[in-house]
Every structure is written in C-alpha cells, then in structure tokens.
Amino acid sequence: MKPLLRRHKNHISYNFWGLIFLIPFFVIFIWLQLVPLGRTFYYAFEKYFYSTGKGSFIGPTFCGWDNFAYIFTNGAIRKYYFFDQSIGSWWMPDIAYYLANTLIIWLMGFIPQIIVSLALAIWFTDARLKLKFTRFWKTVMYMPNLIMAAAFGMLFLMLFSSDGPVVQILMSMGILHEQFSFGDSEFWVRFIIALINFLMWFGNTTLLLMSGVMGIDESIFESAVVDGSSAHHTFWAITFPLLKPIFIYVFITSLIGGIQLFDVAWMVTRGGGGPNLTSLTVMSYLYMLINKAKNYGQAGALSIVMFFITAALSMSVFYVSISQKNPEKGVARERRKRFRTYKDCDPTRLEMARISHQQGGISL
Amino acid sequence: MKKSMLAVTALAAVGLLALAGCGQTGSSGAPAASSTPKAAHHFNIRCWNDEFQGRFRNYSTLWDHTNEDGTDTLKDGTIVNWIIVENKDNKYQNALDTAIQGQDAAAADDKIDMFLVEADYAMKYSQQDIAMDVKADVGLTDSDLAQQYDYTKKILTANGKLKGVSWQAAPGLYAYRTDIADAVLGTHEPDAVQAKISDWTKFNSVAAEMKAKNYYMLAGKDDSYRTYSNNVTHKWVSDEGVCTLDPNIKQWVKDTKSYADNKYLAGTGTDYALWGSAWANEMSKAGSTFGFFWSTWGINFSLQGYADPAKLKKADSSNLWGKYRVCQGPQSYYWGGTWMVGAKGSDDVAIIKQTMLDLTCNGTIMGKITRDTDDYTNNKAAMTAIGNDPTYGSDFLGGQNHVKLFTAAADNIHMDYLSAYDQGCNESFQNAMADYFTKKATYPEAIQNFKTKLKATYSDVTFDATFDAAL
C-alpha cells in the first residue's frame, strides 16, 4: 500500500553496514572451520599417509570405504576389566575398545560430579541454610576449570608417582605397607583421570544447576512447605523434575566433552595409554594417527565415525528424556498411578505434573 | 562529566601499560633484530636438547657471544638461531619433517641450515635429499675425516655418500657405585669388578648376591635394553616393511622378566622406566641400585646430573660425586650418538663446514672437549692420546681414566642393523613389555599391545611370525 512504501523509502537503512561487519566472521568461519571440515570428509575417502621407509607421503589416492573398513575390522581379543579384575576377554575392533575406555573414564568422573554438583547447587540456593562465604566457595569451586588440563595432568602425575606425596602420606598413615605404583593399575589410572575431570568441571556444573534451581518459581517451594513437604521430598518431587532441561543439557555437553577426552589421559599416562592400553581414549588414538603415523586418511575416517557416534549418543539421550507435550496426559497418568478418585489427588503434585509437562519434563 | 573522566583515566592507564611493554631493552617484545642490524642473517640449527648448544658455545672457533634472547652471534655477525624441540613421542622428527617439507619455499633466513639426528633415526634422514653430502657439498676431505671412528661414518652413509658427522662416539659401559661394590663384592677396582660381571651368567649371579644384601642390580626394566638391542642380527623393520622380533630382543624380555620376578630391579613400574622420576632418583644418594648401563655421553650428560642434583661438582656427603666407576659390563654395545647434518638450501655452507671441522675433525679441540666434559669424542688419535695419558682422570669418576677403557671397544662398534623405524619400535616395545613385567598382561597380550601401538605410529608396517612364537 502506498503509505507503507513511502514510509519505507524515508527510513534510513543500515542493513548494508551490518552485512559488511559480518564479513570477517564469515571469512574466518569458512576458511578455518568449513574448509578443514570439508577436507576431513575428503581425506576420509583417500589413502594418504607418510611412509617412514620411503621418507615421503603416499597418496592421496581414492580408496573408497577402505579406511572405514579398516577402522571397524582392525581389532584384537582383549581382556576387559572391572576395577582390577579381568571379567573375560573377547574380540572387539580397536575403536570399540577405545570408546569403551573413554566412556568408562567419563562415567567414573561424571557420576560423582553430577551428584556433588546437585547437592552443592541445592545447598547454595537454599536460603534457609544461611551458608556463609558462599561467594568465596563458588569462586574456589570454579577455579580448577581455569587451569589447563595438561598442567593438571602433569601435576597429578607427580603427586601420584611411586615416590610422590600421596604414596608417602598413605604409607605414613599405615594404609600402604610398601611402595605402590598408581600408574600401573588399570583402575587407578582411570580413577586419576576421572578425578581430574571431576575437579575441573564440578564447579561449572554447580553454577549451571544453581541457575536452573534459581529459575524455579519461589511460590512452588512455598506451597510445598505449606503442605508439609520435607526437604528430601521437595527435592525429588519438585526440584529434580524441574531441573530436567538443565540436567539434559549438562549431560549431553559433558558426554560430548567426555568422548573428546584427550589431554588429561595423554599427560597422566605420558602418552603410553596406561597398563594394557586401558586408558587410551579415542582422541588419543586420533592424535597418534595424525601426529605419529601421519595417516590422514584413517584420521579423517575416524573423525567422521566419532561424529556420528557422538551425534547418535546425544540424540538418544535427548529423545529418551523428552516425553509427550500433553500436560493433561501427565495429570491423568498421575491420577491413575496413585489414586482411585480425583479428590484424593494431592493438589501440589497435580500442579507439578501440569507445570513439568509444560516445561517438557517427564511426568511424576 | 565524572564518567567521561573515569573513561579517559582508564584509557590512559591501559595505554601506559601497553607502552611499558615496549621498553628499550627489546628483550622479549621487540624482534631479535633490535640489538643487531636487520641485515645480519640467520643460521638456523634444529636439535632436541642443549647438549650441542653447549659444545658449540664452548668449542666452536666461530662463536663470539651469546645474546640475551638465547641466540648466539658469530664473529662475522651471523646470528645462530636454535630451534629446540624435545625428542619424546616423535615430536622432534615431526617438527623436522614439517620444516624439511617447507625448506624450498622458506625465505633464506628461515631455511634450516643444520639439523641434528640421533642414531635411532639417522638412517631415515641420511637417505633424504635434504641431507648435504659432507664431501661433495660441504667440502670436507678424506684427510679431514680420517680420524673419525668408522661406525660413525658408516651409519650416515647412504648410497655411498657420507651425509653427516658426529663429534662423539658412544660406546656403552656399566657404571657402578663403589660403596655398594665394597659392601657386597669386597672391592671396587674396575678390573676386579669387571672380572665378576664379564658375561651374563656372572652378571646374573652377582645380581643374586646384591639381592641377598638388599641392593638392586639395576634400577628399572629398560636399563639393559640397549645392551641387547645393539647386538641384534636383524633390522627391526626390513626394507619391505616387515617388522620382525630379533632373538636377542626376546632374550631381553626373558632376562628382564626373571629379574623382575626375583626382585633384582628397584622397580618395574612406569616411574622406574627410562627417564622416570623414581629411576632418576636411584642414581642419587637416596637410591640403592648397584649400577646402570650408560654410554659415554650418559656419564657427563645424565649420570652426573642425577648423582649430584645440587650441582656442587665436587664430592660431598649429600651426593655421589667420585663414587661411581665404570667398567665394560657383560656385553659391549653402543647407545645413540648425535650427528650434524647440513641442510640443502642453506646459504651458509662455510659456517656448516667450519663447525664440522672444528667439532668433528680437529683433534686438539676434541681432546679438549673430552678433558673438560668426559664425553668420548670421535677422534681416534685424540682418544688414544688421552687414554695413554697417566695424568688424565675423570673427577666425577674418582680419577678413573675411562677413555682408556673404550679406545679398543669404540673401534669394534657395528651399526649394521639400523632401520628408519627404530625410535618408534624401541619405545613401543619397551612400553608394551612393561605390562608383562608388572604381571598386568601375558606375553602374547603384551605383543598384541605392541602391534597396536606400532600400527598407530607407522601405517605401512606388517608383522611376521616371530611375534607369534612363545617366549
């Protein structure tokens, strides 16, 4: 319509300059992210590696799915460990073995991390507890995240060495009777790596969960208190379900970070991979392919395989946790589960079921 | 008004801070050319530690002074730039390979002029075009090279051309502690001790004697590896790319396993592996290990540092200066050595030639190096002279003339079975066998781990049936 057009023509448009300022981002993104990504996909289908015997690179020559086939068929019969005991041995492709190592180490660090972070998040946000110096504690908790993982790894390597402080303390306390080598035990090497991960990330997780808890409406807590809910019941019935979205976020980002675990594992095992290669992670293997063997073909294939595995794991976590969006269904399920008649329903729990479904959580 | 004043003050403070960084000392912020004219060109040397740096600074006739930023200035004004990348995990080789690939495209001042190689990967680089022919390209003559030990020349000869020279020969020996020798064997004289450990059977029986008196014969599982691996009869990896397990290396596995089971080793774990912290500690007064296998460079470069951590350089109750002696040990061997290689494309061939002449051909200078540092230099005439000199003795070794011990042995070193894959094979094999010694894995499993690690280090290696045979 004519008046609109006239208004548009009189309006000064800065769109042109906005596009100009976006150019640096696009240039750097395309040059440093998109092109290398494309080349990774390209190399995955090429035979391209450095031959030490010939002193030069072989390739790149097209080889189809060979690199992927190699990744999935290159394996050996290996023992599997629960703590320090072997629970059997069977054949697995190397990548599955390294992935198992990675996930075990990640879980060993993540489970304590999430429990401790949840507890700390609840305590720090609970006004009734009247904790002192919370700002100090929060800063101190977050500080390990600022230290480089490699520095952390070297520090713990020295702390836990055979003649290091930890062994000496344990010996003087009488727990150890002779020198114990932490670096030669499958369980303890994984424990040290998991411990470092825990220390580095629990501060971050605590802050995230705290922000999630602070996002819950105060009135719900008040009504729960009025209804006589204990702290324990409040946590499981109210806080935990409403934290589900943040929880999922923490879980997925930690999973992605855990799969990419490299620097800590490499430094703690000094590049060796731990006893029986039980702490050799997938990214350590990728690092060896790129830097030692200079086999860019297999490295590209491994990167793509890891991308799909990470995506599959993240998607599965996401879909398992998201249920139907129909709030009434949650209410109905709640009623069916616990009560025969509507009037016996606990109104607070009904309200919770409705809200949690609106926010995308699982019903109670 | 107040806010804008605050902003101006903040900006001024930041500006002052930035300007303070660019002081007139010009040490770290400003480029190196601030203290010397930009026209002075660079001589780039690549190495993995500061051993050669020390030799160059103290003994090269071209050196003038060291600059504040770690580079050196030569008498003609050239700046020597040191590019030091550590050896572990193939880092040095990787960096060197990348630099070699970019040699043609690099600017004249950025090209590699000289790089160092170790015995473990000498073969790999001697075969490459980047290595300058010492006689044809650099200009050394046969008479210059006459006094060098044959094996140091043979190892870097590719297609009949000599590609690099070394200032040191590295015959291997066994360094033992006199106090423990007195306590267990009753004597610490090198000849008497050598008679007691002159072959492996005797060596093992002395190990049992050491154990009976609560001492250890060796510190860790890697200690005796070089003695076995230098007396092999097969290359690690053949020219066709097939990796094979030499019987002598298998013997090392058997012997070390029995040492580990009988507790003749101070420790079997990763801390007692070569260069581990507990292993290094065993060489100091706090340790209780009888002896260590070292080559000649190891005496001055490593053992001295571990035995005398406070660097007092004289006998003291807190260190073991003067308390070590050396003897031949159960088997003769060599361990490593460093070679200088000139890089094609360098614009400073004269400097390369003079450095090589000074440090690897000049008997006077090389004799001085030995007298000062106890290093065994690559000059037959100088070493024979020092060996026969009754007044020469190493202060660290309590006055022993260790050079005399090796003038005969050095001539008998053979490096016939080197391959380009040695560094990766040696490292991976020792690491893999560690699990077997600590009882974490059986022998076949340790072999499997070795194969896994080696395939991740070299893509084109296959394995033959020697790995499947039982121990």
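The values are calculated or read from the model by the stated rules, or taken from the named source; none is laboratory data. A quick note: this is a predicted structure, and the numbers were derived from the prediction, not measured. Methodologically, a virtual Cβ is constructed for each residue, glycine included, from the backbone with ideal geometry; neighbour enumeration extends over all protein chains shown.
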Of the numbered conditions (1) over 30 Å from B:MET383 (Cα atoms); (2) in the same structural domain as B:ASN281 (by TED's automatic domain parsing), B:LYS221 satisfies every one except a single condition; which is it? (2)
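Of all residues in segment B:332-389, count the ones that are of a type in the set (Val, Ile, Thr) and either modelled with pLDDT under 85 or over 22 Å from the mean Cα position of the chain (by Cα) (or both).
Step one: filter segment B:332-389 for residues of a type in the set (Val, Ile, Thr), giving B:338, B:341, B:349, B:351-352, B:355, B:360, B:364-365, B:369-370, B:373, B:377, B:384, B:386.
The next check asks that each one be either modelled with pLDDT under 85 or over 22 Å from the mean Cα position of the chain (by Cα) (or both); those that pass are B:349, B:351, B:364, B:373, B:384, B:386.
Matching residues across segment B:332-389 total 6.
Provide a single number: the residues in segment B:269-295 that are part of a loop (DSSP other than H, G, I, E, B) and either without any contact (Cβ under 8 Å) to a residue 60 or more places away in the chain or under 18 Å from B:ASP308 (Cβ atoms) (or both).
Just the residues of segment B:269-295 that are part of a loop (DSSP other than H, G, I, E, B), to begin with: B:269, B:273-276, B:283-288, B:290.
Next, only the ones that are either without any contact (Cβ under 8 Å) to a residue 60 or more places away in the chain or under 18 Å from B:ASP308 (Cβ atoms) (or both) stay: B:275-276, B:283-288.
Residues meeting the conditions: 8.
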Answer yes or no as to whether B:THR178 is in contact (Cβ under 8 Å) with a residue 60 or more places away in the chain, buried (at least 16 other Cβ atoms within 10 Å of the Cβ) and closer than 18 Å to B:TYR334 by Cβ. no
Scan segment A:119-135 and tell me whether some residue there is within 14 Å of chain B (Cβ to nearest Cβ) and either touching a Phe, Trp or Tyr at 6+ places or on another chain (Cβ under 6 Å) or in a helix (DSSP H, G or I) (or both). no
State all residues of segment B:260-316 that are touching a Ser or Thr at 6+ places or on another chain (Cβ under 9 Å), more than 11 Å from chain A (Cβ to nearest Cβ) and of a type in the set (Asp, Glu); if no residue qualifies, say none. B:ASP308
Determine if segment B:107-122 includes at least one residue that is at pLDDT below 90, in a loop (DSSP other than H, G, I, E, B) and of a type in the set (A, V, I, L, M). yes
For segment A:46-69, give me each residue that is out of contact with any strand residue (DSSP E or B) (no Cβ under 8 Å at 6 or more places or on another chain) and either under 23 Å from B:GLU240 (Cα atoms) or modelled with pLDDT under 85 (or both). A:THR52, A:LYS54, A:GLY55
Looking for whichever is surrounded by fewer than 15 Cβ atoms within 10 Å (Cβ to Cβ), at pLDDT 85 or above and not small (Gly, Ala, Ser) here; the options are B:GLN148, B:GLN128, B:GLN101. Which one fits? B:GLN101
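Taking segment B:418-456 on its own, how many of its residues are farther than 25 Å from B:GLY276 by Cβ and more than 9 Å from every other protein chain (Cβ to nearest Cβ)? Break it down into steps so the answer makes sense when it comes.
Initially, segment B:418-456 is screened for residues farther than 25 Å from B:GLY276 by Cβ, giving B:418-420, B:444, B:455.
Narrowing further to those that are more than 9 Å from every other protein chain (Cβ to nearest Cβ): B:418, B:444.
Residues flagged as farther than 25 Å from B:GLY276 by Cβ and more than 9 Å from every other protein chain (Cβ to nearest Cβ) within segment B:418-456 amount to 2.
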Looking only at segment A:168-184, which residues are of a type in the set (S, T, N, Q), touching a Gly at 6+ places or on another chain (Cβ under 9 Å) and either closer than 22 Å to A:LEU280 by Cα or more than 12 Å from every other protein chain (Cβ to nearest Cβ) (or both)? A:SER181
Could you tell me whether B:SER332 is surrounded by fewer than 24 Cβ atoms within 10 Å (Cβ to Cβ), within 30 Å of B:ASN281 (Cβ to Cβ) and without any contact (Cβ under 8 Å) to a residue 60 or more places away in the chain? no
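Taking the stated definitions as given, is B:TYR151 under 30 Å from A:GLY273 (Cα atoms), within 21 Å of the chain's Cα centre (by Cα), of a type in the set (Ser, Thr, Tyr) and not in a loop (DSSP other than H, G, I, E, B)? First the steps, then the outcome.
Numbers: under 30 Å from A:GLY273 (Cα atoms): no; within 21 Å of the chain's Cα centre (by Cα): yes; of a type in the set (Ser, Thr, Tyr): yes; not in a loop (DSSP other than H, G, I, E, B): yes.
Against the criterion (under 30 Å from A:GLY273 (Cα atoms), within 21 Å of the chain's Cα centre (by Cα), of a type in the set (Ser, Thr, Tyr) and not in a loop (DSSP other than H, G, I, E, B)), B:TYR151 does not qualify.
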List every residue pair whose Cβ atoms sit under 6 Å apart, with the two residues 6 or more apart in sequence or on different chains, where the first one lies in segment B:457-470 and is away from every other protein chain (no Cβ under 14 Å) and the second, anywhere, is at pLDDT 90 or above. B:ASP464/B:VAL242; B:ASP464/B:THR244; B:THR466/B:THR244; B:THR466/B:LEU245
Looking at segment A:3-45, which of its residues are surrounded by 15 or more Cβ atoms within 10 Å (Cβ to Cβ) and either modelled with pLDDT under 90 or among the β-branched types (Val, Ile, Thr) (or both)? A:THR40
If I go through segment B:190-226 residue by residue, how many of them are crowded, with 22+ Cβ neighbours inside 10 Å and of a type in the set (S, T, N, Q)? 1
Residue ID - farthest from the other protein chains (Cβ to nearest Cβ), chosen from residues in segment A:291-314 that are closer than 25 Å to A:TYR48 by Cα and modelled with pLDDT under 90: A:LYS294
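Which of the residues spanning segment B:78-98 are within 28 Å of A:ARG270 (Cα to Cα) and either surrounded by fewer than 16 Cβ atoms within 10 Å (Cβ to Cβ) or more than 10 Å from chain A (Cβ to nearest Cβ) (or both)?
Filtering segment B:78-98 down to residues within 28 Å of A:ARG270 (Cα to Cα) leaves B:82-98.
Within segment B:78-98, B:TRP82, B:ILE83, B:ILE84, B:VAL85, B:GLU86, B:ASN87, B:LYS88, B:LYS91, B:TYR92, B:ALA95, B:LEU96, B:THR98 meet the criteria.
Among the residues of segment A:272-294, what is the count of those that are free of Cβ contacts under 8 Å to residues at least 12 places away in the same chain and either in contact with a Cys (Cβ under 9 Å, 6 or more places away or on another chain) or of a type outside the set (D, E, K, R) (or both)?
Taking segment A:272-294 as the starting set, the residues that turn out to be free of Cβ contacts under 8 Å to residues at least 12 places away in the same chain are A:272-273, A:288, A:290-292.
Then keep just the ones that are either in contact with a Cys (Cβ under 9 Å, 6 or more places away or on another chain) or of a type outside the set (D, E, K, R) (or both); that gives A:272-273, A:288, A:290-291.
Final tally of qualifying residues: 5.
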Quick one: B:ASN426 ticks every box in (1) at pLDDT below 90; (2) out of contact with any strand residue (DSSP E or B) (no Cβ under 8 Å at 6 or more places or on another chain) except a single one, so which number is it? (1)
